[in-house]
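The values are calculated or read from the model by the stated rules, or taken from the named source; none is laboratory data. In this text, all values refer to a predicted model and were calculated from it rather than measured experimentally. Note that we place each Cβ from the backbone using ideal geometry, even for glycine, and neighbour counts take in every protein chain shown. Just the protein is used for accessible areas: all its heavy atoms, side chains included, with ligands, DNA and RNA removed. Shrake-Rupley method; radii C 1.70, N 1.55, O 1.52, S 1.80 Å.
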Amino acid sequence: MPELIIVTPEKQPGVATIQLNRPKELNALNLQLMGELRDALVELDANTNVRCIVIHGNQRAFAAGADIKQMADKTAIDMLMIDQFSTWDRIRKTRKPIIAAVSGFALGGGCELAMTCDMIIASESAQFGQPEIKIGVMPGAGGTQRLTRAIGKAKAMEMVLTGKFISAVEAERYGLVNRVVADEIYLDEAMKLAATIATMSPVAVMLAKESVNRTYETFLDEGLHFERKNFYLTFASEDQKEGMAAFVEKRAPVFTGK
Ligand code: DAK
């Protein structure tokens, strides 16, 4: 049984939900949670009663990123050997459509997870960001690639290089999310969208999803490969140690460029 997510295979006819459930840690994506998420998606993908999947967190956070406390003392080689990318790759290969219902923080790996989904419904209080730069690293789960494709180079570059967050309204204006709705109804809105998709031919839906993704998949693979090498490289720096230690110790980091 998963401990850090709540899976409801038939929340509505044809629609399954997965709730990320580490509320005290703002749903920080540790290895266990990501493993459980991967396993749940593999199972739901094989479950013929499920036609569409909704992933959500809670009002305060979709997910505030990968678990910095778990990563803080890792070396580049540790990261390489843990090979979290195989988990993310398996999630990316889910054939059924996935909707991210986002409220509160969707930061770093949380923003990347939302972008790995096929559509995003945001609540008014949702905030999106790639703040990895502030802790001495860079996005590692597709952020530099997917964000740039979604909102264009200028906006993506600013977010990735400064770590600034954007609001739900900005995210909608830039084309990152499908729509923004009131906090009270964002999950219902995602469920409604999922219910509509669930009435369609599952075969046509699967093939259509694959086809839309194909528009950039070849370039995406190359881009992800490039991003991953550079992401690992940040773990060879003293700045990564300093940046993550500073977060854990609740102080400002001092970066030295080493
Ligand atoms: N990791 C671990 N703990 C976190 C966390 C995180 N990302 N975000 C929040 N928390 C914890 C806080 O430490 C705090 O725990 P306690 O101190 O109470 O024990 C608790 O959640 C509540 O957070 P705050 O007290 O900080 O709450 P505030 O409202 O004051 O601030 C905040 C909320 C979201 C602005 C702040 O918590 C924050 O800045 N969090 C970090 C955001 C961030 O930097 N995210 C990017 C992390 S790096 C990879 C895949 C993905 C990634 C990497 C590799 N591979 C496949 C290899 C992704 C990397 C990242 O996401």
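Exactly one of (1) closer than 23 Å to P202 by Cβ; (2) surrounded by fewer than 24 Cβ atoms within 10 Å (Cβ to Cβ) is unmet by Q145. Its number?
Q145 satisfies all of (1) closer than 23 Å to P202 by Cβ; (2) surrounded by fewer than 24 Cβ atoms within 10 Å (Cβ to Cβ) except (1).
To keep it simple, each residue is scored yes or no on (1) within 22 Å of D239 (Cα to Cα); (2) within 16 Å of the ligand (Cβ to nearest atom); (3) open to solvent by less than 10 Å² (accessible area, probe 1.4 Å).
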{"site": "P13", "(1), (2), (3)": "no, no, no"}
{"site": "L20", "(1), (2), (3)": "no, yes, yes"}
{"site": "E25", "(1), (2), (3)": "no, yes, no"}
{"site": "A46", "(1), (2), (3)": "no, no, no"}
{"site": "I53", "(1), (2), (3)": "no, no, yes"}
{"site": "A61", "(1), (2), (3)": "no, yes, yes"}
{"site": "A72", "(1), (2), (3)": "yes, yes, no"}
{"site": "T75", "(1), (2), (3)": "yes, yes, no"}
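Does any residue of the range 55-71 turn out to be in a strand (DSSP E or B) and free of Cβ contacts under 8 Å to residues at least 60 places away in the same chain?
yes
With the requirement that a residue be away from the ligand (no atom under 12 Å from the Cβ) and within 10 Å of the chain's Cα centre (by Cα), what does the range 115-141 give you?
Once the filter is applied, which keeps residues that are away from the ligand (no atom under 12 Å from the Cβ) and within 10 Å of the chain's Cα centre (by Cα), the range 115-141 yields only C117.
Kindly indicate the residue of the range 89-112 that is open to solvent by less than 30 Å² (accessible area, probe 1.4 Å) and part of a helix (DSSP H, G or I) and also farthest from the ligand (Cβ to nearest atom) among those meeting that condition.
Only one residue tops the list, namely I91.
Can you pull out every residue in the range 134-169 that is without any contact (Cβ under 8 Å) to a residue 40 or more places away in the chain, over 14 Å from C111 (Cα atoms) and of a type outside the set (S, T, Y)?
G152, K153, A154, K155, M157, E158, L161
Criterion first (under 23 Å from N47 (Cα atoms), among the β-branched types (V, I, T) and open to solvent by less than 70 Å² (accessible area, probe 1.4 Å)) does V248 satisfy it?
When the stated conditions are applied, V248 does not pass them.
Of the conditions (1) in a strand (DSSP E or B); (2) under 14 Å from M115 (Cβ atoms), V180 clears all except one; give me its number.
Just one mismatch for V180, condition (2).
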